[in-house]
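Take a look at the structure set out below.
The values are calculated or read from the model by the stated rules, or taken from the named source; none is laboratory data. Owing to the predicted nature of the structure, the values given are computational and were not obtained by experimental measurement. With ideal geometry, Cβ positions are generated from the backbone for all residues, glycine too; neighbour counts draw on all protein chains shown.
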Amino acid sequence: MISVRNFSWFLLLGWLVMGSLGVAQAQSPGVRPAGGADEPKKYVLGGITVSGTRYLDPNTLVGLSGLRIGDNITIPGEEIGKAIRKLWAQGILGDVNVSIARTEGDKIFLDFTLKERPRLSKFTFDGLSKGKTEELTKKITLIRGKVVTDALLNNTRAQVRKFYVNKGYLDTKVNILQVPDSSLSNSVALRINVDKGNKVRIHDITFEGNKAFSDYKLKGKLKKTKERKPYKFLTSGKFQRTEYEEDKKKLIEFYNAEGYRDATVVSDTLVRDAKGLALTIKVDEGPKYYFRHITWNGNYLYDDKTLSGVLGIRSGSPYSKETLDKRLNYNPTGQDVTSLYMNDGYLFFQIEPVEKKVEGDSIDIEMRLTEGVQAHVKEINISGNTKTSDHVVRRAIRTLPGDKFNRELLIRSNRELATLGYFDPEKVGINPIPNQADGTVDINYTVVEKPSDQVTLSGGWGGYAGFIGTVGLVFNNFSLRKAGTLRNWTPVPAGDGQRLALNVQANGFQYQAYSLSFTEPWLGGRRPNSLSFSLNRSISRLGRTFDANTGSFIKVNSATVGLGRQLRVPDDYFTLSNSLSYSHYQTQNYSLLTSGAATGTFNNITLNTTLSRNSIDNPTFTRRGSSLSLSLSLTPPYSIFPGAHPDANQWLEFHKWMFDASWFTPIVGKLVLNTRAHFGFLGSYGTRDIGPFERFKMGGAGLGYNGGGNFIVGTDYIGLRGYDDPNATYAIPTAQSQQNGGIIYNKYVLEMRYPVSLNPAATVYVLGFAEAGNAFDSYNNYNPYKLYRSVGVGARIFMSAFGLLGFDFGHGFDTVVPLPGVNTKQDFNHFHFIIGQQIR
């Protein structure tokens, strides 16, 4: 056996010459030899032992070293140095030493003596509030039991500092102290000390070299980098390098869109002074360019004139790559060249605009087209619908196997899936997978289910009996087909897109209401023909005590059945629905109605027809589209046919017209303008007076007054924020001071909306509004220009489990006359609370 000591001096000389190995005492690796030799000698590696480890697996460490039993190695040589460096690179060891255990002929046995780095037992923050500590704990990636490496410490410092730098604390300092944890072997606790310093803000942004646009205009193009001024109380003034780089790109994109294709940011200077940060951006605008000649090459299906008409760019227009790309590939406000082809199946169509000539400030463009062949849809694949049945998703999709590919129908399918209400509209995915070899395309639709059922549990104090309670359940994705199997009741059978709603409301003995409704949106399953029916019962008694013979009450029992279908002309956004309803009223000394109807029995048979068009893109937060509705309610004209009924006064007759229109227009970014108009007219046949049923009352949130009012006689409550509720001290308007309400109304609304959160669990947006409206008790008093005006702000929250919650503050501008005998001063400011419905 060769003594290990004989190799000592020769190994040391080898390390110095080759520079591959060194002493690794917590800093760098080394070998502890026990012998020497005059020159390098080759050995066969006979074995490796590992000592000094407690938690790390020795076999794994040997594998990481790269050395294998039977390898040929040279002593001194590069192999051991490489092995040590590989182990050291793992970052889990604090010390690595290698020694020669023994040699047997040409075999050599090595021993790796290792020292493990400590593991993390816990970590704490010093100098932070409890809230910031909790927030930072979620941000950083420290896991108990993880090896404390230099990379882990550096990464933690960087994450903590980044957290505060993003909040404007550019001078944040982070110091991490390792404290041995006596409760655990080879463990340390980290104490993270944070000195965030003072917040540093941008107090001034200036531009140099800009002649075409003012500093104010250019500052507006920096979306995330803003200067902090006393009047800009909503601006943080933070400087974040990554966001600033994105803002510079947006600045150049703005210049390019205005015709300055050569515009660049020459330099930017960020100066730290006593006030904070001063940012100076120097730009080179370059000349403004214009489109001159646009020619087409490779087009066979459409001639140059047709394509130029679709493109819509005239000679002399400012040159804009953004406009050109929009008109070629995707134009949200109109047709583009690509959709012209792709809507006719040409999925493989390609177009490339090439600048053929730049002369002075004019640019000639040649459009190079590759039309390709028509593609047909091969397969439709759906994933993500864990609750909703496949056939419910497929019937909403407009692309069918065997049809020609159509991009417009893809967009329409996205909209239909988003408006179903069963899926997160922000996460509907459509992925066409083309196969150019056989001219087909597979389309993969992905959806993410969201809760669609709603429960309403509300209570309040008011009315005659004090407590008012409501319990409501709405199952928007119900399945009657699955109801016969017990295992499907979890808690109710679901997945077929049917709607089942139950509601109970009570105000003690004085008022109770019950309702049940069911809707099948696809009767027969082949076309979107809906069938619906509903049953309602309500009773309202006046006074705290009640006598069956002399008491005041009204009882209403009603039933409605309806049919609706989707139209194809003028387009398939239109629907036509018809319903037939019967209501039976029984009244006794009911003073809330006029004397003629205070006691008696009344019947109401009504045919309702509604023509509507709905093209909105998202029901919870709509960005674009419109919703229009024209409805007509008719009763038989009993009074026109004398003697047709023994007591015609007991059979209600009227004709009622309602028109509602709502338009959504994106303004800039996520800001959306909603404009609305609403009209209602109530008339009678012949010379018969209009009765107290089905009238209009305006004011407040449109929910009625004291939880009841004349709701049970079909009164439509029209909201007008900034004013009191109908039947309150101050009614809207003087003509409505009678209990019956108006027979004609009109209302107009302007509303600006901005989303705070588009999370499907709780979609939140804020709004500002201006609206005006009025209602009149006779056509002789009708004046469309006499409007009660208001402005205000509010918020809406759509929660999947509870539906809509809304809060508004409105200020009314116009004085209204109080009800007779009331001298209370009018309040021009009102808070309104909305639940379960939008203000109409």
Problem - Thr490 vs. criteria of a type in the set (Ser, Thr, Tyr), under 32 Å from the mean Cα position of the chain (by Cα) and surrounded by fewer than 16 Cβ atoms within 10 Å (Cβ to Cβ) - result: yes
Exercise for the section: Please tell me if Gly66 is surrounded by fewer than 15 Cβ atoms within 10 Å (Cβ to Cβ) and more than 30 Å from Thr172 (Cβ to Cβ). Expected result: yes
Practice task
Considering only residues that are more than 39 Å from the chain's Cα centre (by Cα) and not in a strand (DSSP E or B), look in the range 269-288 and name the one that is modelled with the lowest pLDDT.
Solution key: Ala274
Exercise for the section: Return yes when Asp111 is in a strand (DSSP E or B), modelled with pLDDT under 80 and not assigned by TED's automatic domain parsing to the domain that holds Leu190 and no when it is not. Expected result: no
Exercise for the section: Test Asp204 against the criterion of being surrounded by fewer than 18 Cβ atoms within 10 Å (Cβ to Cβ) and closer than 22 Å to Ala278 by Cα, and give yes or no. Expected result: yes
Fill in the blank from the handout: Only one of (1) surrounded by 12 or more Cβ atoms within 10 Å (Cβ to Cβ); (2) in a helix (DSSP H, G or I); (3) among the hydrophobic types (A, V, I, L, M, F, W, C); (4) at pLDDT below 85 does not apply to Ala151, and that is (1)
Exercise for the section: Check every one of the strands (runs of 3 or more DSSP E) wholly within the range 477-563 and list those with 2 or more residues that are over 22 Å from Thr419 (Cα atoms) and among the aromatic types (Phe, Trp, Tyr). Expected result: 511-520
Exercise for the section: Could you look through the range 289-315, keep only residues that are in a loop (DSSP other than H, G, I, E, B) and aliphatic (A, V, I, L, M), and pick out the one that is nearest to Leu251 (Cα to Cα)? Expected result: Ile313
Fill in the blank from the handout: His811 meets each of (1) modelled with pLDDT of 90 or more; (2) surrounded by fewer than 17 Cβ atoms within 10 Å (Cβ to Cβ); (3) over 16 Å from Gly700 (Cβ atoms) with one exception, condition (3)
Practice task
Test Tyr169 against the criterion of being under 37 Å from the mean Cα position of the chain (by Cα), modelled with pLDDT of 90 or more and among the hydroxyl-bearing types (Ser, Thr, Tyr), and give yes or no.
Solution key: no
Completion exercise
The one condition Arg144 fails out of (1) under 37 Å from the mean Cα position of the chain (by Cα); (2) surrounded by 13 or more Cβ atoms within 10 Å (Cβ to Cβ) is (2)
Practice task
Mind telling me which of the residues Asn507, Asn529, Asn488 ends up being under 19 Å from Asn608 (Cα atoms) and not aromatic (Phe, Trp, Tyr)?
Solution key: Asn529
Practice task
Please state which of the following conditions Ile143 fails to meet, knowing it meets all the rest: (1) within 29 Å of Leu56 (Cβ to Cβ); (2) in contact (Cβ under 8 Å) with a residue 60 or more places away in the chain; (3) part of a loop (DSSP other than H, G, I, E, B).
Solution key: (2)
Problem - The lone exception for Ser236 - which of (1) in contact with a Gly (Cβ under 9 Å, 6 or more places away or on another chain); (2) buried (at least 18 other Cβ atoms within 10 Å of the Cβ); (3) within 21 Å of Leu170 (Cα to Cα); (4) not aromatic (Phe, Trp, Tyr) it fails - result: (2)
Fill in the blank from the handout: If you go through Thr386, Thr399, the only one that is of a type outside the set (A, V, I, L, M), more than 25 Å from Phe349 (Cβ to Cβ) and outside any strand (DSSP E or B) is Thr386
Fill in the blank from the handout: Result of the Cβ filter at 6 Å on the range 215-226, keeping first residues that are more than 19 Å from Arg201 (Cβ to Cβ) and without any contact (Cβ under 8 Å) to a residue 60 or more places away in the chain and partners that are of a type in the set (D, E, K, R) and not in a loop (DSSP other than H, G, I, E, B), at least 6 apart or interchain, is Lys221/Lys250
Exercise for the section: For the range 72-97, name all the residues that are crowded, with 17+ Cβ neighbours inside 10 Å, over 57 Å from the mean Cα position of the chain (by Cα) and over 16 Å from Leu56 (Cβ atoms). Expected result: Ile73, Ile75, Pro76, Gly77, Glu79, Ile80
Practice task
May I ask you to verify whether Gly259 is within 23 Å of Pro353 (Cβ to Cβ), exposed (fewer than 14 other Cβ atoms within 10 Å of the Cβ), modelled with pLDDT of 90 or more and not basic (Lys, Arg)?
Solution key: no
